[in-house]
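The values are calculated or read from the model by the stated rules, or taken from the named source; none is laboratory data. Treat the numbers as computed from the prediction; the structure is a model and nothing was measured. Neighbour counts run over all protein chains shown; Cβ positions are idealised from the backbone, glycine included.
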Amino acid sequence: MKFRYRKLITTGLISAGLAQIAAAEIVQGTVTDASGEAPLEGAIVRIEGLDRSTTTGRYGDYRFANIPAGEYTVSVSYIGAPTVTQDVTVDGDIDVDFLVGSNVRYLDNVLVVGSKAAQAGAINQKRASDAIIDVIDSDGLGNFPDTTVADSLARVPGLSIENDQGEGRYVSIRGINTDLIAASINGVRTPSPEDRRGVLLDGVPSDLLDGITVQKSLTPNVDADSLGGVIDLKTISAFDRDGRFIRAKLEGAYNEISEEVSPKGTLTYSDVFNDKLGVALSVNYQDLAVEAHNNETGEWGFMDDGSAFLNDDYEQRWYDLTRERLGFIANFDWRVTDNTELYLRTLYNNYEDDEVRNKFEFKDLDDIEDDGAVADGSALSSTTQSVPINEIDAEVRQRREVRQIQTYALGGKTDWDLWSFDYEVAYAYAKEDDSDNHDVAFRFEDVQDAAADAGLTDPNLLFDFSTPETPKLSGDILDLIYDPSNYIMDAFEEEKTLNEDTEISARFDVSRDSLIGDTPVTWQAGVKLRDREKTRDANVIFHETADIDLGLSPYVGASFISGWRLPNPMPAWPDPNLTAALRNGAGPDFELNEDDTNFDSLAEDFTIDEQILAAYAMGTFDLGNLTLIAGVRMEDTQTDLTGNIFAEEDDPANLQKRNVSNDYTHWLPSINAKYAFNDKLIARGAYYAAVVRPSFGEMAPFTVFNDDRDELELGNPNLDPYEADNFDLSLEYYPTELSVLSVGVFYKTIENAIYEATFEREEDVNGDLVALSEFLPTVPVDLSYLTADQLADVEEVTSFINVGSSDLYGIEFNYVQSLADLNPMLDGFLVSANLTLTDSESTLPDGRDVPFLKQSDTVWNLAIGYDKGPWDLRVSANYRGDYIDELTEEDLDRYTDDRLLVEASAKYRVNDNIQLYLEGKNLTDEPEYYYFGSERRLSQYDEFGTTVVFGARLTY
């Protein structure tokens, strides 16, 4: 197989050399707005008569090779402006520049005016692309009240987001969760600061970007490590505009729960010197106050009569945090000669999450199972649960989490006659530093005894689930529960954990324009090396009191949280400012809990080295109305993994290391076709193969036993990567000057999907455990590295496994319209809407069929705007259907409930340089809700409130 592909690549490159026509010339130039200052990306440039066309790049540049001498008419089509034509005489290489449309002003780091031009930019880039993409144009990032990149991406067809404390954090494409898609910054793969592959997109401010592209069908020159698509964040360049550009942005955000104003500021500067050197700098700072009110449960179960009951715990949580974001971009572009461009692109982003979390936890609710007097409304008419509470915890956690993402890319492009060379070396680094955390818990034990001593006739606590999201508690015992003098310190914990992810990459691409007969073909080939190291170093320190009982009373400040939104009062104790004094050794009243400290600090540490060597060859065939890109990509993966083998309560001197190495190669064909029936109707089809390596936390070779040695949990370094065949068909119609109506269908067949699974040692007919020799072969995980003594008592094994074939399919609709195209009386009004419907199925080892995790079957967006004169107004709604968040068991899987967010913005342009704006986020005060199997069974409920943003932009 390898020989066949090598032969194919070699033959293609030789053909490119032999097919060259010596007499052919080059026609090139730029397309800008009428001022000549604003380059237009995505314009279609066509040489009439030759039936040759190409599209403009980021800087409005285009290039034709192999043009015979003669006289031609060249036209430029750009949606939102009339077509422009120019007669040219080709007699040698020539430059032909075009001015299109009307003058535009620079606004919000872009070259366009408001929503209408942002809409035009996105439509043109989508229409011009040879692959299936969606685009958020640079000004589109300023048209919505978005804080993070994830919030912006929620508006793209087929994309949905996971939230954290009211902000978008992770992104899903077409139901494929964030671990199975890829993100890059200026084409450089973004590492993950967590122990996974999925990239958090809540840390990168959208103000630092010049646009976002979501590529849903991959071409051979793109890294194939994504099942759903690639999200590429494009930062600013000085050549995005002509001359000096300065923008200052200052805003405040007021949240109704925190009742604080959070400041945010951005300063951007760019300039071009001597038409050769471009310098672009941007800095962004935000200090965001967040307060969230939460209640949640640990687990539900079923009684013999089918009634569901709360059988673990019930918690109330209060989060008070600040998120400080500091981002900096420094980009340099140097046009060394007419044929060579060099660049240095850098991004530094620092995100600090200072969090205080108070938790009030009612424990051991499974005691009610013996009484049987319980219901959640799903099986019985009652919606109450009476529980003999016996333990309650009051806990505070103070955490300072620091996350960094850095990317640096040095590269360039050189054109030499019909050849083009692209080259780049890059360094990317991410870390998550949890080295400033402490957690203190106080416990009220023997509550029933205390109730008897107090003479209570009914010592139980009544849970009322009439409103399942926010149960209400009642009972005489509450007076004892809310008395801090009943609580004694149970645990004190400190954490100093560090995750790091580093990738160094280098690539070299070469392309050549040629002719096969009369068919223009661009041959392209390249190689790329990615060298990545992922490490996790957990350090958790547990303290316990020595010989005395430490009461809660000295650590109480305020009694209850003011403004608490949920039905039951939320204690404000313990006070983190008082418990912080226990840090760094905790003091003479404490002693180190060595067993717990050793276990949590050693069990899941790992180091993973991953090296990917890729090579590809492809051809882009210009067949008149049909553009065809076909080729193959090879990716060879080598991994070296190191983890620990450890057991609870074991001596760290007995720690064992496990080292595993793997090597595998994938050949990944790809074909993308675009057929233009005319300028208004375009059909697309695509097939590509993709491979996604297992998540780091899944394949890390850790092995941990519980203290009885009967339960074993381990990572699986022998997991096969996900492999997928992806198919797309779409039709795009551009009926008027500024509109698009499109529909697309997609299908993915996925092999080796990864799920967590638990295997239990059964009993024989006599009630004895089956022999270990019978049990171990039923576990599809390699245990051969463990000794017989280590496995002797094992009754349960939990790990990650591959399952068979999975299928995912769906349909996308997208509609964008300037209503002035339909009726001149509606001039200024804009509308956009999209809808994605998906479905999927995987079969678990127990035979149960489940959808892909994190996949919403319905996602839609609707936005209505008005952009005319000084006003730019917009109202938008984003809906995400429910999805499975975690697999537990049938009827008890954890779901994230559907959610509808409504937002609005109003901008007023005082003059060409000053704009004022007012924005509203989460206007309907929509909460986030999670449930177990049924919406009647609470898992988690969070309220974040409405936020109002006000600010000003100064552009020069």
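Per-residue answers, yes or no, for (1) without any contact (Cβ under 8 Å) to a residue 60 or more places away in the chain; (2) within 30 Å of residue 880 (Cβ to Cβ); (3) exposed (fewer than 13 other Cβ atoms within 10 Å of the Cβ); (4) touching a Gly at 6+ places or on another chain (Cβ under 6 Å):
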| position | (1), (2), (3), (4) |
| --- | --- |
| 770 | yes, no, yes, no |
| 799 | no, no, no, no |
| 809 | no, yes, no, no |
| 818 | no, yes, no, no |
| 823 | yes, no, yes, no |
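Restricting the search to region 32-60, which residues are among the acidic types (Asp, Glu) and surrounded by 15 or more Cβ atoms within 10 Å (Cβ to Cβ)? Across region 32-60, the qualifying residues are 33, 37, 41. Determine, yes or no, whether residue 786 is crowded, with 17+ Cβ neighbours inside 10 Å, at pLDDT 90 or above and either of a type in the set (Asp, Glu) or not in a loop (DSSP other than H, G, I, E, B) (or both). Considered against the rule, which asks whether it is crowded, with 17+ Cβ neighbours inside 10 Å, at pLDDT 90 or above and either of a type in the set (Asp, Glu) or not in a loop (DSSP other than H, G, I, E, B) (or both), residue 786 comes out as no.
The single condition among (1) part of a strand (DSSP E or B); (2) farther than 30 Å from residue 611 by Cβ; (3) over 34 Å from the mean Cα position of the chain (by Cα); (4) not hydrophobic (A, V, I, L, M, F, W, C) that residue 512 does not satisfy is (2).
Residue-by-condition table, conditions (1) hydrophobic (A, V, I, L, M, F, W, C); (2) touching a strand residue (DSSP E or B) at 6+ places or on another chain (Cβ under 6 Å); (3) within 26 Å of residue 950 (Cβ to Cβ); (4) in contact (Cβ under 8 Å) with a residue 12 or more places away in the chain:
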site	(1), (2), (3), (4)
252	no, yes, yes, yes
255	no, yes, yes, yes
266	no, yes, yes, yes
273	yes, no, no, no
290	yes, yes, yes, yes
297	no, yes, no, yes
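Listed by first and then second residue, the pairs linking a residue in region 677-694 that is under 25 Å from residue 626 (Cα atoms) to a residue that is assigned to a loop (DSSP other than H, G, I, E, B) and β-branched (Val, Ile, Thr), with Cβ atoms under 6 Å apart and 6 or more places separating them unless they lie on different chains, are 684/132; 686/132. Please verify whether region 801-817 includes one or more residues that are within 30 Å of residue 137 (Cβ to Cβ) and assigned to a loop (DSSP other than H, G, I, E, B). No: region 801-817 contains no residue that is within 30 Å of residue 137 (Cβ to Cβ) and assigned to a loop (DSSP other than H, G, I, E, B). If you go through region 808-861 and keep only what is in contact with a Ser or Thr (Cβ under 7 Å, 6 or more places away or on another chain), among the acidic types (Asp, Glu) and farther than 30 Å from residue 116 by Cα, you end up with 841, 849, 857. Within the bounds of region 365-377, is there any residue that is at pLDDT below 95, of a type in the set (Gly, Ala, Ser), farther than 30 Å from residue 169 by Cβ and surrounded by 17 or more Cβ atoms within 10 Å (Cβ to Cβ)? Checked against the condition, which is being at pLDDT below 95, of a type in the set (Gly, Ala, Ser), farther than 30 Å from residue 169 by Cβ and surrounded by 17 or more Cβ atoms within 10 Å (Cβ to Cβ), region 365-377 yields at least one hit.
Of everything in region 818-859 that is part of a strand (DSSP E or B) and among the small types (Gly, Ala, Ser), the residue that is modelled with the highest pLDDT is 833.
Kindly indicate the residue of region 673-694 that is of a type outside the set (Gly, Ala, Ser) and within 12 Å of residue 632 (Cα to Cα) and also farthest from the chain's Cα centre (by Cα) among those meeting that condition. Per the criteria, the residue is 687.
Taking every residue in region 906-918 that is touching a residue at least 60 places away in the same chain (Cβ under 8 Å) and outside any strand (DSSP E or B) and pairing it with any residue that is of a type in the set (S, T, N, Q) and surrounded by 14 or more Cβ atoms within 10 Å (Cβ to Cβ), at least 6 positions away or on another chain, the pairs with Cβ-Cβ distances below 9 Å are 912/955. Do we have residue 679 as at pLDDT below 95 and touching a Ser or Thr at 6+ places or on another chain (Cβ under 7 Å) here? Criteria met by residue 679.
Residues satisfying the criterion are absent from region 184-200 (criterion: hydrophobic (A, V, I, L, M, F, W, C), touching a Gly at 6+ places or on another chain (Cβ under 8 Å) and touching a residue at least 24 places away in the same chain (Cβ under 8 Å)). Assess whether residue 867 counts as being touching a helix residue (DSSP H, G or I) at 6+ places or on another chain (Cβ under 8 Å) and either of a type in the set (A, V, I, L, M, F, W, C) or at pLDDT below 95 (or both). For residue 867, the condition - touching a helix residue (DSSP H, G or I) at 6+ places or on another chain (Cβ under 8 Å) and either of a type in the set (A, V, I, L, M, F, W, C) or at pLDDT below 95 (or both) - is met.
In region 76-91, which residue that is over 21 Å from residue 741 (Cβ atoms) and touching a residue at least 60 places away in the same chain (Cβ under 8 Å) is farthest from the chain's Cα centre (by Cα)? Selected residue: 91.
How many residues are more than 15 Å from residue 259 (Cβ to Cβ) and either in a loop (DSSP other than H, G, I, E, B) or of a type in the set (A, V, I, L, M) (or both) if we restrict to region 287-327? So the count comes out to 13. Out of region 404-445, which residues are under 30 Å from residue 616 (Cα atoms) and among the acidic types (Asp, Glu)? Within region 404-445, 415, 417, 422, 424 qualify.
For region 714-728, the set of residues classified as crowded, with 17+ Cβ neighbours inside 10 Å and either assigned to a strand (DSSP E or B) or at pLDDT below 95 (or both) consists of 714, 722, 723, 724, 726, 728, listed by residue number. Taking the criterion of being closer than 30 Å to residue 336 by Cβ, at pLDDT below 90 and among the small types (Gly, Ala, Ser), would at least one residue in region 238-255 satisfy it? Checking region 238-255: at least one residue is closer than 30 Å to residue 336 by Cβ, at pLDDT below 90 and among the small types (Gly, Ala, Ser).
Residue check: is residue 198 surrounded by 24 or more Cβ atoms within 10 Å (Cβ to Cβ) and either assigned by TED's automatic domain parsing to the domain that holds residue 689 or not in a helix (DSSP H, G or I) (or both)? Criteria not met by residue 198. Residue 895 meets the conditions (1) surrounded by fewer than 18 Cβ atoms within 10 Å (Cβ to Cβ); (2) of a type outside the set (Val, Ile, Thr); (3) part of a strand (DSSP E or B) in every case but one. The failed one is (1). Taking the stated definitions as given, is residue 722 of a type in the set (Phe, Trp, Tyr) and touching a Ser or Thr at 6+ places or on another chain (Cβ under 8 Å)? The answer is no for residue 722. Out of 217, 206, 226, one residue alone is closer than 19 Å to residue 721 by Cβ and among the polar types (S, T, N, Q). It is 226.
Residues being hydroxyl-bearing (Ser, Thr, Tyr) and touching a Ser or Thr at 6+ places or on another chain (Cβ under 6 Å) are entirely absent from region 491-510. Where strands (runs of 3 or more DSSP E) fall entirely within region 631-713, none has at least 3 residues that are at positive phi, buried (at least 20 other Cβ atoms within 10 Å of the Cβ) and assigned by TED's automatic domain parsing to the domain that holds residue 501. Whether a residue is more than 24 Å from the chain's Cα centre (by Cα), assigned by TED's automatic domain parsing to the domain that holds residue 638 and more than 30 Å from residue 690 (Cβ to Cβ) was assessed, and residue 767 passes this test.
Taking the conditions (1) small (Gly, Ala, Ser); (2) surrounded by fewer than 18 Cβ atoms within 10 Å (Cβ to Cβ); (3) modelled with pLDDT of 90 or more in turn, residue 29 satisfies each one other than (2).
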